[in-house]
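This structure is in structure tokens; I'll ask about it shortly.
The values are calculated or read from the model by the stated rules, or taken from the named source; none is laboratory data. Small disclaimer: the values here were computed from a predicted structure and weren't measured. FYI the Cβ positions are ideal-geometry reconstructions off the backbone, even for glycines, and counts take in every protein chain you see.
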């Protein structure tokens with residue numbers, strides 16, 4: 001059986017490709033080498049049926065007409081240059097350079113009020129959403145490639161596919 005699955009090409013950016021239905025992949029972007037790694041594997045063991053997650057990064061939502069000026073402000077404030085060569089720097093998004101083993105910071109143009117939110121990256125979005133719902137979070141909106149959730153205390157956050165390099169380093173493993 002063949003199915004079409006999204007292939008990660010940068011934060012929030014995927015393209016589709018056909019793979020056998022039992023083939024899975026881990027996708028990571030390494031900022032240092034500017035390389036996308038896609039490791040494909042079968043999921044035959046019970047251990048692989050568990051999922052993992054970790055914090056991916058901070059997203060600075062900016063209600064602005066000039067995303068480049070907003071990104072430059074945050075780049076200067078945080079001491080991380082804007083990384084225009086990163087595949088996540090396109091359209092309404094600008095990535096700041098990410099030192100190895102640190103959280104990513106992305107500046108994005110939005111229509112809602114400016115705020116900061118976190119992304120949780122996972123190798124199984126539906127499983128992570130279900131886990132967080134059991135903890136009291138609610139789904140706000142299901143997007144094509146991610147899920148927007150709300151914590152019991154009102155904060156919004158996103159559940160996304162694996163984004164950062166060195167997966168699954170520092171990821172929690174859940175049953």
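Considering only residues that are surrounded by fewer than 21 Cβ atoms within 10 Å (Cβ to Cβ) and touching a helix residue (DSSP H, G or I) at 6+ places or on another chain (Cβ under 7 Å), which ones fall in the range 65-104?
Matches in the range 65-104: 81, 82, 92.
Next question. Filtering the range 103-141 down to residues that are in contact with a strand residue (DSSP E or B) (Cβ under 9 Å, 6 or more places away or on another chain) and assigned to a loop (DSSP other than H, G, I, E, B), which residue is modelled with the lowest pLDDT? I'd like the intermediate steps shown before the answer.
Filtering the range 103-141 down to residues in contact with a strand residue (DSSP E or B) (Cβ under 9 Å, 6 or more places away or on another chain) leaves 103-110, 112-129, 131-133, 137-141.
If we keep only those that are assigned to a loop (DSSP other than H, G, I, E, B) as well, we get 103, 110, 112-114, 123-124, 137.
Values: 103: 90, 110: 95, 112: 93, 113: 93, 114: 94, 123: 95, 124: 95, 137: 94.
The selected residue is 103.
Please find, among 147, 160, the residue that is in contact (Cβ under 8 Å) with a residue 60 or more places away in the chain, part of a strand (DSSP E or B) and within 30 Å of residue 100 (Cβ to Cβ). First the steps, then the outcome.
On the way: 147 fails: in contact (Cβ under 8 Å) with a residue 60 or more places away in the chain.
Testing whether each residue is in contact (Cβ under 8 Å) with a residue 60 or more places away in the chain, part of a strand (DSSP E or B) and within 30 Å of residue 100 (Cβ to Cβ) leaves just 160.
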